[in-house]
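Here the structure comes first, spelled out in structure tokens, and everything after it is commentary.
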Amino acid sequence: MGITYFKNSKTFKLDTKKTTYMIAIVDKEQFIGHVYYGKRIEDEEMSYLLRIYEPPYVPTENNRDRCSFYDTFPTEYSTHGIGDYRDSALKLRSEDGHTAGRLQYVSHDIRKGKEGLKGLPATFGDESSCMTLCITCEDVFTGVQVVLSYSVFEDEDVITRDVKIINNTDKTIMIEKAYSCCQDFDGVDYDLITLHGSWARERHVQRSPLSLGKQGINSVRGESSHQEHPFMALCAREATEDFGDVYGFSFVYSGNFNAQAEGTQFNCTRLLMGINPEEFNWLLESGEQFQTPEVVMTYSSEGIGQMTRNFHNIYRRHLIRSKYRDQKRPILINNWEATYFDFNKDKLVSIAKQASELGIEMLVMDDGWFGNRFDDNRALGDWFVNEDKIEGGLKSLVDEVNALGMKFGIWFEPEMISPESKLYEEHPDWAIQIEGKPMTLSRNQYVLDIGREEVREYIYNRVKDILTSANIEYVKWDMNRQLTNLGSRVLDSKQMGELSHRYVLGVYEMMERLVTDFPDLLLENCSGGGARFDAGMLYYSPQIWCSDNTDAIERLEIQRGTAMVYPLSTMGAHVSDCPNHATGRVTPFKTRGHVALAGTFGYELDVTKISKEDRDMIPEQVAMYHQYARLIQSGDYYRIANVADTKYYDCYEIVAADKSEALVTYVNVMNLANSHSRRIRLKGLQEDALYAWEGTDLVMTGAAYMNAGILIQQMWGDYQSTLIHLVRQ
Ligand code: GLA
């Protein structure tokens, strides 16, 4: 049973295979206390952990120190203004301007399965895969109802959380803060793991000791961003990849977020995650509801690696909806790094011809095919094919590519508008701006007010027209700048703070229409590389472009950080030309192939121009992809060594779910003179099974590979790599 309610102790017990989460309703005032989250336990009554009989006593028995009680009580959802001075999860402003709140339990409901979140991406599950607990509370100050929802996915060791605020009063309420998750921990002896970056340096892993006071990450950029990432983990100080307590939190949302850990005066920790209250408020009229996005949390007692695998499992099984989720993705060739804006139909067809002979399966036409778009200074919004470039029109190009046996894909940046565009001439007010005030350009473009229905309607129909004009089987949906100058013509002063969230809801609505109207379309998200690589986007697209940095060596860290939370099958990764366009580094073509294999695999170069030697390697790489794609898409991922720590080499492994085979990627990043072969211990194999190392005579037990390990012979030169394939006998 995933969720049990024990009437006598008023305790909710949420069990997954290996974890338990407990909530108890205590005191006459029906406080909703957080009792326990950790390794699975079978006991029912644990509410002594809430310490309500320790001084300062529970309020109804000792009202004198009510404030101290509020300030220490481990709660499921903290409110503002009555004495809990740790950061609050909920702040509602009443019509008369007050912001105090206190939640009191009213009722609960336990059911099988899980309902969707209106207008928002979220994990899904049927009656056999999950159960949901909804606790309805009342804010005793405003009378507003707050529903705390928890869905339990037993097999994945995951619990999801979201909150609904229902204004069933006859007054208007201003929501100033509504996090999706508030998690109180006993203790501060944790490390914090977060993902940081910049353009071309996305999601580098950072681990630092948690300290007293507040520390956190956030975005106010209107998207999840290159810089910070909506993921946070707390782990035991001594936790490693394979041992120790780890709590992971991932936010299923693509806009402004805040994730914060706060070490408190009594050495406890409060973790909050949700929509960033900065740049947010929401006017809730009488009768209206507000739904927060969802937080996915998992606990692992087996180290950071198991946390990662839990996230991979939940996202693969219960978030990605595309039919491509379990299908081998077509090997694509994208013309961006091959041609940038300098292309026409002939050039694309010549690339496609050569690519099809080499076994590449889809041509993607990137930026520059529409309007007057001969560089990145103009024409966003003018989604009409430029027939000077694409002679004979889009259909004739697509037909020609199809005739070569290849699929065809296309690039859009639907949310944007260039000041030099027909669209801007006609609708200058469609750009987000503060009326009459200076506007901030970025890449010479503005952002459309996607929260406005008529804007969405127009843009969506342009995209739809193009997609129905030819046999287009893939879309790359890009978003190349962040939001500024937040102002909308359709929002009044009280609602202006809704712009950023309305923007994200508008994007979700457009994507939902797209995947509904074109169920067979393969959608890849993108944002100046990987600035919107988040769980929200995975609900619509099974893959996301990971970074504009295609350098095989820098990709090791970018892909390691991305794979901390997201399955390898979601990471857009391409072999590109050298010297690399982001770093100038020259790496072997073979290594570029091995590194891109850990993602969706494709090419981003002009096959007609690269050296014969490199080109001749493509059919081999194509065969390699076909051999391993399924394993990489569905297997369990293990980090073995990363170059940020080792300085010299990087190594990771993918093991089939049934443990029948494993693929190890080893990259010798920097060669070390006068060194021995390197010993690597593998992970995740079946201890008592025999595995053959393909291409060698070695046959050993899983136990030997994992405990004794293997030797990787020294390689000549930097940036060399090898794949090791083990097959169970
Ligand atoms: C972004 C993307 C690139 C490419 C360009 C086109 O930077 O990440 O892959 O599509 O836009 O302008």
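The values are calculated or read from the model by the stated rules, or taken from the named source; none is laboratory data. From a predicted model like this one, the values you see are computed outputs, not experimental measurements. Positions of Cβ are generated from backbone atoms using ideal geometry, with glycine treated the same way; all protein chains shown enter the neighbour counts.
The figures follow:
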| item | result |
| --- | --- |
| Number of positions in the stretch 359-380 that are away from the ligand (no atom under 14 Å from the Cβ) and either within 28 Å of LEU441 (Cα to Cα) or free of Cβ contacts under 8 Å to residues at least 60 places away in the same chain (or both) | 3 |
| Test: PHE384 is hydrophobic (A, V, I, L, M, F, W, C) and surrounded by fewer than 21 Cβ atoms within 10 Å (Cβ to Cβ) | yes |
| Matching entry among LYS10, LYS18 (being basic (Lys, Arg), within 30 Å of ILE166 (Cβ to Cβ) and modelled with pLDDT of 90 or more) | LYS10 |
| Subset tally (residues that are in contact with a strand residue (DSSP E or B) (Cβ under 6 Å, 6 or more places away or on another chain) and of a type in the set (Ser, Thr, Tyr)) for the stretch 436-455 | 1 |
| From the options THR169, THR142, THR132, residue that is of a type in the set (S, T, N, Q), over 28 Å from MET510 (Cα atoms) and assigned to a strand (DSSP E or B) | THR132 |
| Every residue from the stretch 15-73 that is part of a loop (DSSP other than H, G, I, E, B) and either of a type in the set (Phe, Trp, Tyr) or on the phi > 0 side of the Ramachandran plot (or both) | ASP27, GLN30, ARG51, TYR53, TYR57, PHE73 |
| Exclusive hit being surrounded by fewer than 20 Cβ atoms within 10 Å (Cβ to Cβ) and either small (Gly, Ala, Ser) or free of Cβ contacts under 8 Å to residues at least 60 places away in the same chain (or both), set LYS347, LYS328 | LYS347 |
| Selection count, the stretch 439-478, where residues are away from the ligand (no atom under 15 Å from the Cβ) and either loosely packed, with under 14 Cβ neighbours inside 10 Å or of a type in the set (S, T, N, Q) (or both) | 10 |
| Selected residue (only one of VAL140, VAL146 is aliphatic (A, V, I, L, M) and touching a Cys at 6+ places or on another chain (Cβ under 8 Å)) | VAL146 |
| Qualifying residue in the stretch 341-356 (condition: of a type in the set (Gly, Ala, Ser), modelled with pLDDT of 95 or more and in contact with a helix residue (DSSP H, G or I) (Cβ under 6 Å, 6 or more places away or on another chain)) | yes |
| Residue among PRO55, PRO121 that alone is out of contact with any Cys (no Cβ under 6 Å at 6 or more places or on another chain) and in contact (Cβ under 8 Å) with a residue 40 or more places away in the chain | PRO121 |
| All positions within the stretch 409-455 that are of a type in the set (Ser, Thr, Tyr) and not in a loop (DSSP other than H, G, I, E, B) | TYR424, SER442, TYR446 |
| Residue match in the stretch 409-425 (condition: touching a residue at least 60 places away in the same chain (Cβ under 8 Å), under 30 Å from ARG329 (Cβ atoms) and either among the β-branched types (Val, Ile, Thr) or more than 16 Å from the ligand (Cβ to nearest atom) (or both)) | yes |
| Filter result for the condition that a residue is over 29 Å from the mean Cα position of the chain (by Cα) and not in a strand (DSSP E or B), over LEU682, LEU672 | LEU672 |
| Entirely in the stretch 525-616, the helices (runs of 4 or more DSSP H) that have 2 or more residues that are within 16 Å of the ligand (Cβ to nearest atom) | 552-562 |
| Residue within the stretch 288-310 that is surrounded by 19 or more Cβ atoms within 10 Å (Cβ to Cβ) and within 16 Å of the ligand (Cβ to nearest atom) present | no |
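Results for (1) within 19 Å of CYS546 (Cα to Cα); (2) under 26 Å from the mean Cα position of the chain (by Cα), shown as yes or no for each residue.
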{"site": "PHE589", "(1), (2)": "no, no"}
{"site": "VAL595", "(1), (2)": "yes, yes"}
{"site": "PHE601", "(1), (2)": "yes, yes"}
{"site": "LEU605", "(1), (2)": "yes, no"}
{"site": "SER611", "(1), (2)": "no, no"}
{"site": "ARG615", "(1), (2)": "no, no"}
{"site": "PRO619", "(1), (2)": "no, no"}
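Yes/no per residue for (1) at pLDDT below 95; (2) within 15 Å of CYS134 (Cα to Cα):
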| residue | (1), (2) |
| --- | --- |
| THR4 | no, yes |
| ILE41 | no, no |
| TYR48 | yes, no |
| ARG51 | yes, no |
| VAL58 | yes, no |
